[in-house]
Each structure stands twice: as C-alpha cells, then as structure tokens.
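Visitor: Let me begin by handing over the structure; questions about it come next.
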Amino acid sequence: MVGGNHCTCSMGREDCYPGCQSCCARIIMKDQGEMTRPRDNRGPSAYIPVTQLPGPALNDNIAAVMSLHPGYLRVFWKTQHQLLRMDGALSLPERHYVAIMAAARHHCDYLVSLHSTHFLQVGGDPCWLEGINAAPLKLRVLNDLNKILAHRPWLITKEHIASLVSSEGGNFWSLAELIQALVLLTHFHALSSFILACGIYPPEGLNIERPPSPVGPLSPGSSMPQEAERVLAEMKKLDEEEQETTREEMETRFEREKRACVMVTSNDDIAQSKFSPGILHFLDDPDFGYIDFSRRGEQAPPTFRAQDFTWNTHGYSLLHRLCPEVGQLLDEKFQVAYNLTYHTIASHQGVDTFKLRRAIWNYIQCVYGIRYDDYDYGEVNQLLERSLKLYMKTVTCHPERVHRQLYNDFWREFKHSEKVHLNLLLLEARLQAALLYGLRAITRYMT
C-alpha cells in the first residue's frame with residue numbers, strides 16, 4: 001500500500017512494497033490533492049521543515065526524507081524489497097522479527113512498531129510479539145550476534161558463527177540463513193541510525209508516539225562561522241599540497257585519529273536513554289552498548305586493515321556466492337551513497353566534494369577500528385570540525401541520543417538536503433563496517 005491506496009502496479013498487492021515506483025507513479029499522476037502530509041502538517045521530520053522536502057509526501061516518512069536524494073532512494077527501495085519480500089532462506093515472519101530485534105537495540109520505536117505490524121500481516125505468530133523470550137529458540141540464540149553487530153562489531157569471531165551453525169535440537173542456522181540474518185540486522189541497525197538522526201516521525205496509522213528525544217544543552221551553536229568557506233579552503237589546500245607521505249607517517253596519523261575519536265564526546269553522553277515499554281521486552285542485555293574501539297588505558301583490539309578483507313574482493317564475493325541479488329544491490333547502494341554529489345557546498349556551486357565525502361566515510365569506519373592503508377587520516381581533522389564529528393559519532397554509535405540541538409549545531413550554513421546526504425553516508429559507512437566484521441568471521445569459520 002502507498003499513501004493509504006491499494007497497490008495498482010503489475011506486481012499485485014501481495015508483492016508490492018512501500019515506495020514501489022510503479023504504484024507511486026500512478027498515484028502521483030492522479031490527484032495530488034489526495035497525497036497530503038500528515039493532517040497536523042508537522043511533516044515527516046522533527047528537524048527538517050516540511051517546506052524543504054520535495055513534492056507531496058507518501059505515507060512513508062522515511063521515503064519522504066530520502067526523496068531529497070531520489071537516486072539513492074531508488075536503490076534503497078529495491079534493496080529493502082529484496083531483503084523483506086523476495087526469495088530467501090528465512091521465512092517472511094522471521095525476517096520482520098529480525099528487523100524488530102535489530103531496531104530495538106537502538107530504541108527505534110518507529111521500526112519496531114512498523115515491523116510488528118508487517119510481521120502479523122505476513123502470518124507471524126502474535127505470541128512472539130510478547131517479547132524476545134516468547135520467540136522460538138532459534139531466534140533467541142541470535143541475541144549475541146545482534147547486540148555485538150549493533151554496538152561492538154569488532155568483537156565478532158568465528159566462534160560466534162560456529163555456535164549458531166552447530167546449535168543442537170534443530171535450532172541451528174544454515175549459512176544461507178545466517179548471512180541473510182546478518183544483512184537484515186546490519187541494515188536495520190543502520191536504518192535506525194538514519195531515522196533517529198533525521199528526527200523522522202512515525203507515519204499516520206502506526207499509533208505510536210515517539211518519546212521525546214534526549215534534551216541537549218541549548219546554546220547558540222558551536223559550529224564554526226563560515227564553515228562552508230573553511231571547508232572549501234581546506235579542500236583547496238589539500239589539492240595544492242599533494243605531498244608524498246611515508247607509510248609510517250600514514251599509520252601514525254591513523255593511530256592519532258583513532259585515539260582522538262575517544263575524545264569526541266558531549267556532556268550529555270553519560271545520560272542513558274530510557275527504553276519505551278514497547279522496546280524493552282525485545283531486548284536481551286539492554287545495558288550492552290557501544291564503547292570506544294580504543295579506550296584510554298586499555299589494550300585496543302587489533303586494527304581491521306581494510307586491504308586484508310575488502311568489500312570489493314572478499315565481502316561482496318561471499319555475499320554474491322550465497323545471496324547474489326542481495327550482494328549486487330548492497331554493492332550498488334554503497335556506490336551510489338559514496339559517489340552521490342551535486343557539486344555544491346552550501347551556496348557554492350561547481351565544487352568537487354570527493355575529499356569531504358571520503359573523509360566522512362573513513363572517519364566513521366575509523367570509529368569502528370577500520371583503516372585504509374592508502375588514506376591520509378590527517379585530512380579528517382582538516383575537513384571535519386568538532387561539532388560535525390560529535391554529530392557523526394552520536395548518530396553512528398548512540399543514535400538514540402540524537403536531539404534537535406545536536407542536529408542544528410553543525411553545518412549551520414548548509415542545506416537540510418546536505419545534512420540528509422551526510423546521514424546517508426553515515427548509514428552506509430556504518431552498515432559496510434559491521435558487514436565486513438560479520439562476513440570476515442563467517443569466512444574464517446568456513447576456512
């Protein structure tokens with residue numbers, strides 16, 4: 001269903017999905033007056049004025065915000081449809097239940113409620129919705145993988161995989177099932193980050209109330225004045241310098257940035273978000289959360305060298321072998337997000353934004369302990385100021401703590417569409433990082 005209308009596309013109602021382009025095209029071409037925003041006119045986002053969003057909104061607030069970037073939205077829709085509706089090792093109810101488990105880790109009421117509804121629509125047992133302890137044992141044993149992928153993916157080992165694949169009593173996971181669950185978990189962890197980062201409201205009809213976002217200290221804002229000019233100047237400086245850097249210096253700069261990630265915190269980071277009643281019963285070990293990869297005074301886990309297990313050579317290859325359609329769509333989605341550009345920064349036109357996009361992507365993967373040997377991490381500090389880093393790290397590691405002030409504090413000269421673009425980069429960089437850790441563990445188990 002789209003916008004409360006029955007599906008009219010050639011796939012038929014059962015196989016259609018929110019945002020189906022065939023449906024949308026037909027409906028939008030009818031009477032645009034039927035396609036209205038929520039009746040209270042608040043729009044789909046608490047942070048983005050409704051006037052900043054393009055066209056009439058579907059009854060899908062995620063799509064309404066992502067529609068600022070239609071090229072990305074198209075591949076996002078296709079990927080989510082493939083994950084939730086098309087052939088796969090897991091049943092449809094199991095897929096929606098895994099989505100519920102993933103969204104609960106980040107307190108995302110929107111997705112928990114939405115997929116609880118979808119779970120029942122595809123024939124799921126209502127008893128499972130009483131909580132994780134009411135679900136079958138096969139799903140309950142996924143709890144450890146879920147919480148580690150959500151908060152500390154570097155801890156995943158081949159032993160975690162072995163324990164799931166060799167469970168006794170008919171509760172074991174096949175490799176095909178496990179890889180599908182891995183992709184679903186990482187997809188919905190990252191999507192929860194995007195929803196909370198953009199302050200997206202649940203659509204009409206879900207009948208849930210999003211709890212107030214954590215309240216940050218109100219201030220005039222900490223973003224630097226003329227931030228766009230500063231970024232442009234730094235990118236120009238990087239283009240002009242193009243100096244050779246030794247391998248040793250590159251490694252030193254990465255280690256310095258990795259340690260600096262620990263210092264990117266806010267005064268309200270210590271505040272714990274409250275779980276809504278609809279979330280808590282889907283959680284096992286609710287106090288398990290993100291901790292910095294490199295903690296002060298502690299031995300850090302080994303750095304994940306991206307060249308040793310790359311997405312292009314290793315991760316994509318494994319996924320393509322066991323879930324070819326999913327692997328292809330994920331690869332396309334990563335590329336679209338990474339390469340997306342309109343050659344603008346704030347009011348400036350004709351800008352090559354590649355260095356900024358790369359710094360954003362590599363900073364998030366650095367937060368997760370992933371290093372690209374051929375990247376100079378000195379660029380991160382040149383291009384990303386502190387309020388931006390704080391927002392990026394909160395969205396990625398503690399999305400339930402995002403609040404309006406945090407959203408307003410960075411890139412004050414930039415357009416809302418550019419902030420949404422940033423959140424798409426964070427979604428995909430985080431998703432790929434967690435997938436790399438999970439797929440590496442599966443590869444080690446298989447070999």
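Visitor: Within 10 Å, count the other beta carbons around each residue, average over each peptide in 277-289, 190-202, and list them highest first.
Guide: Per-residue Cβ counts within 10 Å, averaged per peptide and sorted highest first, yield 190-202, 277-289.
Visitor: Something else now. Sorting check: for 60-72, 131-143, which peptide has the highest mean count of neighbouring beta carbons within 10 Å, and how do the rest follow?
Guide: Ranking, from highest mean packing down: 60-72, 131-143.
Visitor: Let me ask something additional. Can you compute the modelled spin-label distance between ASP308 and ASN339, with each label point 7 Å from Cα toward Cβ, in nm?
Guide: Placing both labels 7 Å beyond Cα along the Cβ direction yields 3.0 nm.
Visitor: Using a probe of 1.4 angstrom, how much of the accessible area of segment 320-426 is carbon and sulfur, in percent?
Guide: About 50 percent, which is the carbon plus sulfur part of the accessible surface.
Visitor: Sticking with this structure for a sec: With each label point set 7 Å from Cα along the Cα-Cβ vector, what nm distance links ARG230 and ILE291?
Guide: For the pair ARG230/ILE291, the computed spacing is 3.3 nm.
Visitor: Ignoring ligands, DNA and RNA, what accessible area per residue does segment 343-447 give at 1.4 Å, in Å²?
Guide: Roughly 28 Å² per residue, with all protein chains present.
Visitor: Follow-up. May I ask you to evaluate 6.51 cos²θ - 1.76 cosθ + 1.60, the Karplus curve with θ = phi - 60°, for each residue of segment 321-333 and list the ³J(HN,Hα) values in order in whole Hz, giving x for glycine and proline?
Guide: 6, 9, 9, x, 5, 5, x, 5, 5, 4, 4, 5, 5
Visitor: Here's a follow-up. Going through the cross-link list LYS237/LYS389; LYS158/LYS393; LYS158/LYS355; LYS78/LYS147; LYS389/LYS415, which pairs have a Cα-Cα distance over 24 Å in this structure?
Guide: Table pairs above 24 Å Cα-Cα are LYS158/LYS393; LYS158/LYS355; LYS78/LYS147.
Visitor: With a probe of 1.4 Å, find how much accessible area segment 92-140 has per residue, and write the answer as a whole number in Å².
Guide: 33 Å²
Visitor: Given a 1.4 Å probe and heavy atoms of the protein chains only, how would you sort THR396, THR344, largest accessible area at the top?
Guide: THR344, THR396
Visitor: Can you list residues from other chains, or at least 5 along the same chain, whose modelled amide H is less than 5 Å from the amide H of ALA346?
Guide: Under 5 Å from the amide H of ALA346: LYS415.
Visitor: Taking amide hydrogens as modeled 1.01 Å from N in the peptide plane, which residues meet the under 5 Å criterion relative to ILE200, leaving out close sequence neighbours?
Guide: ALA46
The values are calculated or read from the model by the stated rules, or taken from the named source; none is laboratory data. Quick caveat, the model's predicted, so the values are computed rather than measured. When we count neighbours, we look across all protein chains shown, and the Cβ atoms used for this are built from the backbone with ideal geometry, even at glycine. Just so you know, the surface numbers come from the protein's heavy atoms only, side chains and all, with ligands and any DNA or RNA stripped out. Shrake-Rupley method; radii C 1.70, N 1.55, O 1.52, S 1.80 Å.
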